[in-house]
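See structure below.
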Amino acid sequence: MGNSQKCNLCSKPATVHLTQIVNNQIHKLDLCEECAAEKGVTDPNGFSLADLLVKSSDSSEKGGKILVCENCGFTQKDFKKTGRLGCPECYDHFATLIDPVLRNMHKGDTHTGKVPEGAMERKMFHEKIHQLEGSLQLAIKEERYEEAAKMRDELQAVRETMVAKSITL
């Protein structure tokens with residue numbers, strides 16, 4: 001059997017797996033049965049991740065504090081209805097609602113992005129060439145011609161390796 005996934009909220013084994021596509025972006029959520037029941041995930045056809053975000057903060061609504069964006073007037077109910085926020089400032093106003101769920105879903109609340117394939121190798125070659133060129137110019141300026149010749153040869157070898165690997169700067 002495949003590797004078992006853990007609940008995004010409590011780390012127990014996940015048995016409920018939700019996938020939602022919004023604006024061509026895939027959002028996945030894995031929950032254990034207890035967390036799924038606690039969040040009201042019983043009908044997969046009528047559930048959205050916005051529901052989870054709003055339900056996770058229903059306790060604050062019951063306490064009388066309803067979050068409202070001061071810039072556009074968007075409320076938690078509007079967010080639940082549309083699954084979207086009203087303006088960029090909503091991210092700040094609804095941070096207490098969004099951040100805990102994002103941290104659980106994505107193992108953090110800061111997007112770090114992905115490094116394109118080959119980018120690290122290209123960067124390494126770029127830095128090596130830049131370092132060698134600087135050292136070569138300094139060796140020539142200081143009239144250390146034997147060292148300069150070695151650096152020139154090393155620089156040529158690095159460039160040939162890049163050509164062989166089809167790496168461009």
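Taking the conditions (1) modelled with pLDDT of 95 or more; (2) surrounded by 11 or more Cβ atoms within 10 Å (Cβ to Cβ) in turn, K141 satisfies each one other than (2).
Being over 20 Å from F94 (Cβ atoms), at pLDDT below 80 and not assigned by TED's automatic domain parsing to the domain that holds Y91: is that true of N3 here? It is true that N3 is over 20 Å from F94 (Cβ atoms), at pLDDT below 80 and not assigned by TED's automatic domain parsing to the domain that holds Y91.
Cβ separations smaller than 8 Å between residues 6+ apart or across chains give the following pairs from the range 17-33 residues that are of a type in the set (S, T, Y) to residues that are surrounded by 12 or more Cβ atoms within 10 Å (Cβ to Cβ): T19/H27; T19/K28; T19/L29. Looking only at residues in the range 121-139 that are touching a residue at least 24 places away in the same chain (Cβ under 8 Å) and of a type in the set (K, R), the one that is nearest to L155 (Cα to Cα) is K128.
Taking into account only those residues within the range 86-110 that are at pLDDT below 70 and assigned to a loop (DSSP other than H, G, I, E, B), which is nearest to V68 (Cα to Cα)? Among those that are at pLDDT below 70 and assigned to a loop (DSSP other than H, G, I, E, B), it is D109.
The number of residues in the range 51-71 that are surrounded by 15 or more Cβ atoms within 10 Å (Cβ to Cβ) and at pLDDT 60 or above comes to 3.
The values are calculated or read from the model by the stated rules, or taken from the named source; none is laboratory data. What you are looking at is a predicted structure, and each value in this text was computed from that prediction instead of being measured. Positions of Cβ are generated from backbone atoms using ideal geometry, with glycine treated the same way; all protein chains shown enter the neighbour counts.
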